[in-house]
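One structure below.
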Amino acid sequence: MTKHKANELLKQIGLQIFLLTITAIVLFPILWMVSIAIDPRNIDKPLELVLIPDGATLRAFKQVLTEPYTQLCANPAEPETCMTFLKLLGNSLMVALGTSLFSVVLGASAAYAFSRFKFIGRETGLLGFIALLMLPATATIAPLYVLLNQIKFGGEPLRSTLVGLAVAYTSGSLPFAIWNLKGYFDTVPKELEEAALIDGATVTGAFIRVILPLAVPALAVTVLLGFMSGWTEFVMAWLFLESPEKFTLAMALRSMQGQFTTPWSTFFALALVMSVPPVLLFFALQRYIVSGLTVGGVKG
Amino acid sequence: MAETSLQSQTQKQSGAANKFWRSIKESLGAWAYIAPAGLLMMFITFFPQVFQAWMAFTDYRITNLRFNIFNPETWEAFAPEMVGFENFIRVITSSLAIENYDFVRLLTFNIVWTISNVFFHVVLGVIIALALNAKTLYGRRIYRAIFVLPWAIPGLIIAFTWANMFDRRFGAINQLLGLVNEWFGWAINTDIRWLESAQPPIGGILSFLPLSFYAVLIANIWLGWPFMTVIATGALQSIPTELYEAAKIDGASGWQQLWKITVPLIRPAMIPAIMVGTIWTFNNFNVIYFITRGGPFGRTELLVTQAFKLVYEQRLYGVAAAFSIVVFIVLMILTLIQNQVTHATEAYYD
């Protein structure tokens, strides 16, 4: 028994050493960002590896959050036309929430049909969606740019609106969403719906009131991935949006990278601020992530 | 008797007709559910692809942007010229007037990049999931929370951070090496030009990979394993513990349990994740574009970053379209091969 206990202890120590090493590796770049962001010298790299440099200050955070972004102005001569953090945040939230809303609504609806109905074209349809997963978003840039340029809403090409951007991102996240949600719906017993139908519910009613509440983990994962793609996407945003008023946080971050110099402290301060919403969303949805991504794969 | 059989026959016929109508009706119902997603994909992905296929055969340039497919008045003045297969030929034979463009090198590099990344993601992801899934582990919840960070922090930001850390002068990595030297009295070079050096660190067959490849590989491994850990965790939690207890009674060692129980049972969940991971890594834009920018001399360029440059920097829409179609075909072939291989091995395990 004591030998067993000693073994257990050794195993625990080994595990802890291994996991602490991984923790150190994971945290290292993040702490590097923090260390630069609070450095008072606004230099590109600290000359020594210390977490809290001498004279550490939150000035960079204050600047990022409260001062106008002078590179992003409709008219550089007038500071009132420059973007502020709140405007950038609003744009980013709109694109990210739009993408996750579209993904979850359209994805769940299509996945439900693929999971529950037997219909003409089912296999082909499903295969078609999965084949689209292989299409890199960047592979459609050239034609999408040309096409969305031609569709105008109130004199403005759809390409350069935030809704247009969210729709374009949704097309990128839908194939995986449908595939993942379908796998999850497959594991929800059919009898539950049948019981609801016998009780007089419509098919849509049963779907909304019986299936969706049971599929919360997979829905949460869809919302999360949609949010992430809308929040961080850069390529299309950079190509499609023109007016600085529409710029997102990711674009503001990119535009801080000057050709010769970058204000590193403010750059990393904005980077850290921008990381907060997705990290919080991850933590909030963490208990759903594992089952939401794997239940369909394990049982189906 | 004859009458009843006749009756049942007509009944059967009308039953079949009913069934047919019912299946049509149900199909319409099902397609109504799919329509919103289907229309969006049709418009944003499929239609542009068809348009792209047409563009690929033209010399579409910036001047042709005023060409509007929905407006016949612009057709004559701004329509691009048809050039046949010229774009494809130029893409594949590397005869584009762009610096450092070599299709075979791009493709080889892209494949090596994908395989090496996915390999490390899966191996590390599974090992860490196994450690986190140990029966008794102190701090499990804290580890789980920390280990999601590389996935939760936007990839764009991580890429910028690693680019800064790999900097030659006072970059975190070189400083860390200096610290290691100090601790152990070693003399590792602390002036390594991680991203600029064209000298391959490993010669022979791997000499086409510059040092910056290993640098971005490290950055992308850091970024990619948590996804695999999450999938592996879900799969591990679905394995009944009785299996391990039975194996223990039969005298199986820990190693045998791993290879005979754990690995075969997490396979079904890992394979789709690996396929998705392969596609994501193959097209991983952020890490390459923001860390090495494809350098030095375009040797770490991926197909997607090259496509982006064709559109954004060169504005060669026709060539970019042909290029993207080639990339799509390559990816399709690779996925089919991968599917074939994984299916084959699956049958072997069953």
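Summary table
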{"quantity": "Answer from B:W183, B:W162 - the residue that is aromatic (F, W, Y), open to solvent by 70 Å² or more (accessible area, probe 1.4 Å) and assigned to a helix (DSSP H, G or I)", "calculated": "B:W183"}
{"quantity": "Tally of residues being in contact (Cβ under 8 Å) with a residue 24 or more places away in the chain and within 30 Å of B:L149 (Cβ to Cβ) across the stretch B:83-126", "calculated": "15"}
{"quantity": "Some residue of the stretch B:285-300 being in contact (Cβ under 8 Å) with a residue 60 or more places away in the chain, open to solvent by 10 Å² or more (accessible area, probe 1.4 Å) and under 16 Å from the mean Cα position of the chain (by Cα)", "calculated": "yes"}
{"quantity": "Selection within the stretch A:79-129 - under 23 Å from A:E245 (Cα atoms), among the hydroxyl-bearing types (S, T, Y) and surrounded by fewer than 16 Cβ atoms within 10 Å (Cβ to Cβ)", "calculated": "A:T81, A:T84"}
{"quantity": "Any chance A:V105 is among the β-branched types (V, I, T) and more than 11 Å from every other protein chain (Cβ to nearest Cβ)", "calculated": "no"}
{"quantity": "Hey, A:L27 open to solvent by 20 Å² or more (accessible area, probe 1.4 Å), within 11 Å of chain B (Cβ to nearest Cβ), within 37 Å of the chain's Cα centre (by Cα) and closer than 30 Å to A:T57 by Cβ or not", "calculated": "yes"}
{"quantity": "Condition met for B:P200 (open to solvent by less than 50 Å² (accessible area, probe 1.4 Å) and more than 7 Å from chain A (Cβ to nearest Cβ))", "calculated": "yes"}
{"quantity": "Helices (runs of 4 or more DSSP H) enclosed by the stretch A:126-243 - at least 2 residues per element that are within 9 Å of another protein chain (Cβ to nearest Cβ) and under 30 Å from B:Q314 (Cβ atoms)", "calculated": "A:141-150, A:162-186, A:216-232, A:235-240"}
{"quantity": "Filter result for A:M94 (modelled with pLDDT of 85 or more, touching a Cys at 6+ places or on another chain (Cβ under 9 Å) and either of a type outside the set (A, V, I, L, M, F, W, C) or in the same structural domain as A:K182 (by TED's automatic domain parsing) (or both))", "calculated": "no"}
{"quantity": "Among (1) modelled with pLDDT under 85; (2) more than 7 Å from chain B (Cβ to nearest Cβ) - the single one A:L9 does not satisfy", "calculated": "(1)"}
{"quantity": "Conditions (1) more than 9 Å from every other protein chain (Cβ to nearest Cβ); (2) surrounded by fewer than 22 Cβ atoms within 10 Å (Cβ to Cβ): number failed by B:V216", "calculated": "(2)"}
{"quantity": "Residue under evaluation A:L72, criteria (1) in contact (Cβ under 8 Å) with a residue 12 or more places away in the chain; (2) assigned to a helix (DSSP H, G or I), criterion not met", "calculated": "(2)"}
{"quantity": "Residue within the stretch B:183-205 that is closer than 30 Å to B:I239 by Cβ and without any contact (Cβ under 8 Å) to a residue 60 or more places away in the chain present", "calculated": "no"}
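Here's the yes/no breakdown for (1) surrounded by 22 or more Cβ atoms within 10 Å (Cβ to Cβ); (2) more than 30 Å from B:I274 (Cα to Cα):
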position	(1), (2)
A:P244	no, yes
A:F247	yes, yes
A:A252	yes, yes
A:M256	no, yes
A:W264	yes, yes
A:S275	no, no
A:P278	no, no
A:L285	no, no
A:G292	yes, no
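Every residue, every condition in (1) open to solvent by 10 Å² or more (accessible area, probe 1.4 Å); (2) under 30 Å from B:N64 (Cα atoms); (3) within 14 Å of chain A (Cβ to nearest Cβ); (4) among the acidic types (D, E), yes or no:
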| site | (1), (2), (3), (4) |
| --- | --- |
| B:N220 | no, no, yes, no |
| B:L223 | yes, no, yes, no |
| B:T233 | no, no, yes, no |
| B:Q237 | yes, no, yes, no |
| B:I249 | yes, no, no, no |
| B:Q256 | yes, no, no, no |
| B:V263 | yes, no, no, no |
| B:K309 | yes, yes, yes, no |
| B:E313 | yes, yes, yes, yes |
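The values are calculated or read from the model by the stated rules, or taken from the named source; none is laboratory data. Because the structure is a prediction, the values reported are computed rather than measured. Ideal geometry is used to build each Cβ from the backbone, glycine not excepted, and the neighbour counts take in all protein chains shown. To get the accessible areas, we keep the full protein, side chains included, count just its heavy atoms, and leave off ligands, DNA and RNA. Shrake-Rupley method; radii C 1.70, N 1.55, O 1.52, S 1.80 Å.
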